[in-house]
């Protein structure tokens, strides 16, 4: 059973590994080698520690190993990644449900996220709808939004 918990200082290397593996094994289908390399370098263990200080970060843990991560700042979703071998096992959905429930508890009526081409369909399956698209330093990006139901808190 996968457990969702707050990020701990000792998690940074494992979180970085999950992100880099996902970028290299999954996102590389939709983005150039140069963009994947830039994104992989961006999500170093040191950068993960910094991000965890800036926003609320969570990890999904299975049998003691970090298998996914997501962070939030209010009603904004950031850095949602799942270990490639765990994709399709509900880890991403559980991470998103966790932070959506927290957002409802904090009085937000919607969540918003930026999504890669790779993750776009995942967010749509969770009820997120396109708001706009943008170009970022990491390539093409969708901005999606999902209304939150106060009964899910």
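The values are calculated or read from the model by the stated rules, or taken from the named source; none is laboratory data. Computed from a prediction, not measured in an experiment: that's the story for all the values here. Cβ atoms come from the backbone with ideal geometry, glycine included; neighbour counts cover every protein chain shown.
Here is a check on your reading of the model: is residue 140 at pLDDT 95 or above and either closer than 28 Å to residue 13 by Cα or not in a helix (DSSP H, G or I) (or both)? I'd like the intermediate steps shown before the answer.
On the way: at pLDDT 95 or above: no; either closer than 28 Å to residue 13 by Cα or not in a helix (DSSP H, G or I) (or both): yes.
When the stated conditions are applied, residue 140 does not pass them.
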- request: Could you please find all residues in the range 115-129 being outside any helix (DSSP H, G or I) and either surrounded by 17 or more Cβ atoms within 10 Å (Cβ to Cβ) or in contact (Cβ under 8 Å) with a residue 40 or more places away in the chain (or both)?
  value: 115, 116, 117, 118, 119, 128
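Residue by residue through the range 9-37, note down the ones that are surrounded by fewer than 16 Cβ atoms within 10 Å (Cβ to Cβ) and either in contact (Cβ under 8 Å) with a residue 24 or more places away in the chain or under 22 Å from residue 138 (Cβ atoms) (or both).
Initially, the range 9-37 is screened for residues surrounded by fewer than 16 Cβ atoms within 10 Å (Cβ to Cβ), giving 9-10, 13, 24-25, 29-30, 32-34, 37.
Within the range 9-37, 9, 13, 24, 25, 29, 30, 32, 33, 34, 37 meet the criteria.
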field: Selection status of residue 100, in contact (Cβ under 8 Å) with a residue 12 or more places away in the chain, touching a helix residue (DSSP H, G or I) at 6+ places or on another chain (Cβ under 9 Å) and more than 20 Å from residue 57 (Cα to Cα)
entry: no
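Output the residue which, of all residues in the range 2-27 that are part of a helix (DSSP H, G or I), closer than 11 Å to residue 116 by Cβ and out of contact with any strand residue (DSSP E or B) (no Cβ under 7 Å at 6 or more places or on another chain), is modelled with the lowest pLDDT. Outline the logic, then answer.
First, pick out the residues of the range 2-27 that are part of a helix (DSSP H, G or I): 9-25, 27.
Cutting the leftovers down to closer than 11 Å to residue 116 by Cβ gives us 22-23, 27.
In the following step, the residues that additionally are out of contact with any strand residue (DSSP E or B) (no Cβ under 7 Å at 6 or more places or on another chain) were identified as 23, 27.
Working: 23: 96, 27: 93.
The extreme case among them is 27.
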field: residue 57 being at pLDDT below 95, surrounded by 14 or more Cβ atoms within 10 Å (Cβ to Cβ) and either in contact with a helix residue (DSSP H, G or I) (Cβ under 8 Å, 6 or more places away or on another chain) or in a helix (DSSP H, G or I) (or both)
entry: no
statement: When restricted to 40, 71, the only residue part of a helix (DSSP H, G or I), touching a helix residue (DSSP H, G or I) at 6+ places or on another chain (Cβ under 8 Å) and surrounded by 17 or more Cβ atoms within 10 Å (Cβ to Cβ) is 40
message: Please determine whether any residue of the range 80-94 is at pLDDT below 95, buried (at least 21 other Cβ atoms within 10 Å of the Cβ) and under 15 Å from residue 118 (Cα atoms).
response: no
task: Name the single residue, out of those in the range 80-108 being more than 14 Å from residue 122 (Cβ to Cβ) and outside any helix (DSSP H, G or I), that is farthest from the chain's Cα centre (by Cα).
output: 107
